[in-house]
Amino acid sequence: MATILTGTLLSCIESTPTNASKTNNNTDEIIGKSAFTAESGIMSPEALYSFGRVGSVVVSPDKNQLLYQVTYVSLDQNKTNPELFVMQTDGSGKKQLTATNTRESNPQWIDNGRRIAFLSNESGSSQIWTMNPDGAGRRKISDVEGGIDGFLFSPDEKKILFYKSVKVSETTTDKYPDLPHSSGRVIDDIMYKHWDSWVENAPHPFVADIDGDKLSNIKDLLEGEPYESPVLPFGGTEQLAWSPDSRTIAYTSKKKTGRDYAVSTNTDIYFYNVETGETRNVTEGNMGYDVNPQFSPDGNFLAWQSMERDGYEADKNRLFVMNIATGEKTYVTENFDFNADAFIWNTDNRSLYFTAPMHGTVQLYSVDVQLKEVTAITSGKHNYTSLALGNNTLIATRQSMSQPTEIYSVNINSGEATELSFENNHLLSQIQMGQIEERWIETTDSKQMLTWVVYPPDFDSTKTYPTLLYCQGGPQSMVSQFWSYRWNPQTMAANGYIVVMPNRRGLPGFGQEWNEQISGDYGGQNMRDYLSAIDALAKEPYVDETRLGCTGASYGGFSTFWLAGNHNKRFKAFFAHAGIFNLEAQYLETEEMFFANWDMGGPYWDKSNAVAQRTYATSPHRFVEKWDTPIMVSHGELDYRILASQSMMAFNAAQLRDIPSRMLIYPNENHWISQPQNGVLFQREFFRWFDQWLKPETATSNQ
């Protein structure tokens, strides 16, 4: 079987389409590699959206080829389009296999590398197709009602495991069929919305026989159960696995509904016997997240990620291994004080490779299962985002603040990395990136805090620059060497700003004590950390301390709102996206109550709960009387995690207090900004706002 690259990644294409399938009749121009020319040589919003984005990467069974996905963006059509590519594992022989306006994704090698399977919505819904490695011989092998969201061939390739959305709750039109146009929803429990959708459907895993060019004998592994697998909102095929003998399926599920679902993070891994249909919970008794099962190559062991405490979504991500015959479980990263994220088995069945956050970067590691010894493989200012086994190497993807994700071959012994893909080289060669500096700044409690500082291109230390403090979301999300298509520090720097990015308290990559400090201390030490960072940079002669701005999203938006009432005249402008303004309202508006209970300490009405009372006392809305600085807010109305009313309240408060303010509201976006033109609009308004208040001599409009 092929080796699937595990993790999440992003990047672009270099080759031109040859022998590419064009079976689609869509008359729109096919979305492909951007012809954008960065005449100014800087990272503009349009340049940012011209980069291609690498998706799934799969190593062929003989370890000689890489099959991968690249997604292109069309600003004119306001859409994205993924295509499939292949190249040798030394980076040679790149070839585009598809060139259509349909969406090709989830690529896999089958038939010992003689065929490729993938998802395509060519027929209207997303179905499984196959083709030859040169792109020819394309044919559809599934016709599943409603479409397929992800799939895995069994090792013997006699069956397919796939998942799709199924209806799990009764709708209003089910209750009242004579009211087919009624839009009302009748709600009976607290888990009625999740992130950006109403809870009426859930993903279910299915197993089917492969009968020639079609699927037969399709079985729902959760037949009649109102649960989900993979687990929403981010789970995919990494939460499903086949045993090497094709007899057992491991799947991740959170078998809870309603209030029980809302207050718990307790997911488990289940074994499903393909022959008998018997299901058993193999992680019963583990109280936190148990996800992403992987069988060892010999089928004797199962590895997975596990969190210890129920209700704590940012608990330490631990690697566990179970002896399937005996049921004995081993905590293999017990001696490692950091998260273990994307992982794969080595062929020796005795060791694992994994990624882990480390001091503002993400690196590759190995661990001996028996000895529990963790060994660092790589170092440097970059993030490894996924990995797979090559031929005596690791095939990994890597990104940094100055480079979108690319595919690399990594020497396991030396850690030396060789770039293979060069997908965005044609754009990167046109753009001058700003210097990135690693600083360790002393905090108010005498600890050292890593802060990334990004300087404008052609930075001149004899000049002074406006400076932005970037506040991270999460809250437990490391300020790493990430590449983002919205919060891109190089784009900020290219607009003439120095960007200060502190790894304040409450982030992974600096040990569990640093990560956990923030829970129950919103508005506390992490806010002092922010001020320590901006105060340290403001002392530099090239930072204009009269032109400081502050920005962030989600918890970073909360931070921006909080600092707006507690900054003591430091900042001249604020910009908050999808931020929490009123913690009391947020407690009752959000849907994942386990997060609010853990990080906020519990409900605001519990007067006996000192942690909760301290949290709500720091709510940004309590400091509005001290707001004295221009502020802009942005939000999507499909955001059910942090409702758009939070930003509306903040905007209304600023308006009523005659504080210069502006609001950018998206009726059709969620917690993120996913549509290309909306993304460019966000960038333009972001800089129009800060230019107005921090660079008035260059601002295009003060309205």
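Some points to look at:
- A Förster radius of 35 Å, combined with the Cβ-Cβ distance separating Asn349 from Thr80, puts the computed FRET efficiency at roughly 0.35.
- Placed amide H near Leu389: partners under 5 Å, 5+ positions off or other chain: Ile395
- Cross-link reach is defined here as a Cα-Cα straight distance under 16 Å, omitting same-chain residues fewer than 8 places apart; for Lys569 the lysines meeting it are Lys539, Lys626.
- Lys329 accessible area, 1.4 Å probe, all protein chains in place, Å² to nearest 10: 80 Å²
- Summing +1 for each Lys or Arg and -1 for each Asp or Glu among the other residues whose beta-carbon sits under 10 angstrom from that of Tyr227 gives +1.
- For Tyr542, solvent-accessible area (1.4 Å; no DNA, RNA or ligand), Å²: 20 Å²
- Calculated FRET efficiency, Phe234 to Lys167, Cβ-Cβ distance, R0 = 25 Å: about 0.70 to the nearest 0.05.
- Once you divide the Cα radius of gyration of region 356-442 by 2.2 N^0.38 Å, the number left is 1.23.
- Rounded accessible area per residue of the chain, 1.4 Å, Å²: 39 Å²
- Correct option for Rg/Rh (Cα atoms, Kirkwood Rh) [calculated from the coordinates] among [x] 0.95; [y] 1.08; [z] 1.45: [x]
- You can think of it this way: the chain between Thr326 and Asp458 has 41.3 nm of extra reach, that is 0.36 nm per residue less the Cα-Cα gap.
- Dipole orientation for the chain: of the candidates Val168, Asn317, Phe36, Phe36 has the Cα lying most toward the positive pole (charges on Cβ; Lys, Arg +1; Asp, Glu -1).
- Charge dipole magnitude, Cβ of K and R +1, D and E -1 - the chain, Cα centre, debye nearest 20: 1040 debye
- Environment charge at Arg657 (Cβ cut-off 13 Å; Lys +1, Arg +1, Asp -1, Glu -1): -2
- Counting 0.36 nm for each residue step from Asp445 to Ser183 and taking away their Cα separation leaves a gain of 88.9 nm.
- Violating pairs (Cα-Cα greater than 20 angstrom) within the set Lys193/Lys256; Lys158/Lys255; Lys33/Lys94; Lys167/Lys256: Lys158/Lys255
- DSSP bridge analysis restricted to region 61-167 gives an antiparallel fraction near 100%, rounded to the nearest 5.
- Distance between modelled label sites at Asp310 and Arg657, nm, 7 Å Cα→Cβ extension: 4.2 nm
- Within the assembled protein chains, the solvent-accessible surface assigned to Glu545 is about 120 Å², based on a 1.4 Å probe.
- Extension gain, Asp213 to Ile190, is 3.9 nm, computed as 0.36 nm per intervening residue step minus the present C-alpha separation.
- Surface composition of the chain: carbon and sulfur atoms hold 46% of the protein heavy-atom accessible area at a 1.4 Å probe.
- Electrostatic bookkeeping for Glu104 treats Lys and Arg as +1 and Asp and Glu as -1; over the other residues with beta carbon under 9 Å from its beta carbon, the sum is -1.
The values are calculated or read from the model by the stated rules, or taken from the named source; none is laboratory data. Just so it is clear, the model here is predicted, and its values are computed rather than measured. Because the Cβ atoms are built from the backbone with ideal geometry, glycine has one as well, and the counts that use them run over all protein chains shown. Quick note on the areas: whole protein, heavy atoms, side chains included, nothing else; ligands and nucleic acids left out. Shrake-Rupley method; radii C 1.70, N 1.55, O 1.52, S 1.80 Å.
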